[in-house]
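The values are calculated or read from the model by the stated rules, or taken from the named source; none is laboratory data. Values in this document were obtained by computation on a predicted structure and should not be read as measured data. A quick note on method: Cβ atoms are made from the backbone with ideal geometry, for glycine too, and the neighbour counts reach across all protein chains shown. Accessible surface is based on the protein model in full, side chains and every heavy atom, while ligands, DNA and RNA are left aside. Shrake-Rupley method; radii C 1.70, N 1.55, O 1.52, S 1.80 Å.
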Amino acid sequence: MTATTDPHIRDYSLTGTDTARAKATGLANAEWYHTDVPRKVMKDLMQRRDGPAIRDTAIWFAVLGLSAWGGIAFWGTWGAVPFWLIYGVMYGSACDSRWHECGHGTAFRTGWMNDVVYQIASFMVVRNPVTWRWSHARHHTDTIIVGRDPEIACMRPPNVFRLLMAYAGVIDMAESIRGIARQAGGTLTDGEKDYIPESERPKAILVARVHMAIYAATLALALATWSWIPLMLIGGPRIYGAWHMLMTGLIQHCGLAENVTDHRLNSRTVYMNPVSRWIYWNMNYHVEHHMFPMVPYHALPRLHEVLKHDLPAANPSIWDAYREAIPAVLRQAREPDYYIRKPLPATAQPYKMDTVNV
Amino acid sequence: MSDPVWTDVCDLDEIDEEDVMRFDHDGRTFAIYRAPDGTPFATDGLCSHEHVHLAGGLVMDDTIECPKHNGRFNYRTGAALRAPVCVNLATYPARIADGRIEILI
Ligand code: FES
């Protein structure tokens, strides 16, 4: 575990001092460490299939449909609660992993299937499918590079209250809706303009308008029928069902290094129970995903077996990952330069340390 | 600029069918493909999105998927097919001569 003595004030904007610093020091668009994997093995791991994602998507929609039916049928009784809990997680959490994997284009072999599920999941997770495609590309180019990565969830020093409140889903939902509304009004931030090419911007504005129109129609229906049910079905689950997305997502990178070019230092692989892995589509193999984003979710457990001689030990459970991350994040409140540096097994190549915390 | 010449790349069987290989020549880098039917093709070696070698990617039918952000190109035409790639790749004629792949550069 490591801390340096002279913390600098971080500027997480994409147009500020740390952006210039990342470019000047070669951290932006850098060469990243990759474990050596024979081409034949990697080619086999990258192979695309429709079967697993068709099966999982059919189950997903079936569970969404049945839980929505139960929630409505038992509305006004305690019997409705378990149905809404399930619906909430299927809508407000499973959408994140579907958005993610279909955004990479790796879930299905057939392109249009990725695109359809990507559009639906983007709406559910309240992300503009155009802007977030570009934001996520940047996240992969410059993972947790301050001033470059637009998707850093745990900034330093951390806002602990905000991180805790994230579980309630309200802050993130409010900010996401505000962002989509702003885009629907035709405005993109300087940060968004930094990673979205000009030719894509009109599409981003159009899709934001479509999303806002659906929310407006949902709200109008709720008012017209004087019922909460439309809001429980659309939009609401992103608040009351987002906890699983946050539980799994926040341990991807929190407490680990910034400004490095080795995903073993800034990403975390965590063994999870099969239900969470299904909801999360195996993104618990997060070092593996960042190192080789071409490998589809259903092959990540196999990729893990191929890479694990070169990776720090995986956290054995979600609980263990939090036991590791929470003290680190609390310490970062006092020592922003502190981060967890895990030991590597004897079989691993040393960490690529050339640009750590510059 | 000098006239293009056929340049020797490798033995045909050094690249599997439906696969890709990196080829560096004269300070330039290329991606050399074999389609599922074995026909060779050649494009620029670097993705037009960022500085990434396409040879680490996945060949599926007539597309190459970039290993960094999963952008896709048609390697026969160089056409950019899927964001985040927006700019087409340059392509180069390729042929088989005496069991070896050659490209015209
Ligand atoms: S570098 Fe090829 S898609 Fe981004």
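In this view, the solvent-accessible surface of residue B:76, computed with a 1.4 Å probe and all protein chains in place, comes to about 100 Å². Taking Cβ atoms as reference points and 14 Å as the exclusive limit, the residues near residue A:114 contribute a net charge of +2, counting Lys and Arg as +1 and Asp and Glu as -1.
Determine the residues within the stretch A:281-295 where the difference in accessible area between the chain on its own and the full set of protein chains amounts to at least 10 Å²; count protein heavy atoms only and use a 1.4 Å probe. For the stretch A:281-295, once contacts with the other chains are taken into account, A:293, A:294 lose 10 Å² or more. A crude spin-label estimate for the pair residue A:29 and residue B:98, with each label 7 Å from Cα along the Cβ direction, gives 4.1 nm. Compared with its chain on its own, the stretch A:96-113 contains the following residues whose accessible area drops by 40 Å² or more in the full protein assembly (probe 1.4 Å; ligands, DNA and RNA excluded): A:104, A:109. Counting only cysteine Cβ atoms and a cutoff under 4.7 Å, chain A contains unmatched residues A:95, A:102.
Between the helical axis of A:129-141 and the longest alpha-carbon principal axis of chain A there is an angle of about 20 degrees. Compared with its chain on its own, the stretch B:65-94 contains the following residues whose accessible area drops by 40 Å² or more in the full protein assembly (probe 1.4 Å; ligands, DNA and RNA excluded): B:68, B:69, B:70, B:72, B:82, B:83, B:86. Cβ under 10 Å from residue B:10's Cβ, residue B:10 left aside: what net charge do those residues give with Lys, Arg +1 and Asp, Glu -1? Once all neighbours under 10 Å are counted, the net charge is -4. In plain terms, the chain from residue A:69 to residue A:189 could stretch by 39.2 nm, reckoned as 0.36 nm per residue minus the Cα-Cα distance.
A crude spin-label estimate for the pair residue A:320 and residue B:90, with each label 7 Å from Cα along the Cβ direction, gives 5.2 nm.
Accessible surface ranking for A:117, A:37, 1.4 angstrom probe, highest first: A:37, A:117. Compared with the direct C-alpha span, the chain from residue A:181 to residue A:44 gains 45.0 nm at full extension, assuming 0.36 nm per residue. Take each residue in B:8-21, count the other chain C-beta atoms within 10 Å of its C-beta, and the mean is 1.
Taking B:94, B:83, B:31 as the candidate residues, the one with maximal mean-square fluctuation in a Gaussian network model of chain B, Cα springs under 10 Å, is B:83. Computed on chain B, with alpha-carbon pairs under 8 angstrom and 6+ residues apart, the relative contact order is 28 percent.
If both residues of a DSSP beta bridge must be in the protein assembly as shown, then about 95% of such bridges are antiparallel. Relative to the longest principal axis of the Cα atoms of chain A, the long axis of helix A:51-73 lies at roughly 40 degrees.
Per residue, chain A exposes an accessible area of 43 Å² to a 1.4 Å probe, with every protein chain left in place. The simple Förster model, with R0 at 25 Å and r as the Cβ-Cβ distance, assigns residue A:78 and residue A:221 a FRET efficiency of 0.50.
Which entries in the list A:23/A:308; A:40/A:352; A:308/A:352; A:352/B:68; A:308/A:342 go over 23 Å, if you measure between the two C-alpha atoms of each? Flagged as over cut-off: A:23/A:308; A:40/A:352.
Within chain A, what whole-number % of the accessible surface is contributed by carbon and sulfur, with the 1.4 Å probe and all protein chains included in the calculation? Within chain A, the accessible surface is 66 percent carbon and sulfur. Taking a sphere under 12 Å around the Cβ of residue B:87 and counting the other residues whose Cβ falls inside, with K and R at +1 and D and E at -1, yields a net charge of -2.
Structural descriptor for the stretch A:17-334: relative contact order 25 percent, calculated from alpha carbon pairs under 8 angstrom and at least 6 residues apart.
Total buried accessible area between B and A, probe 1.4 Å, nearest 100: 1900 Å².
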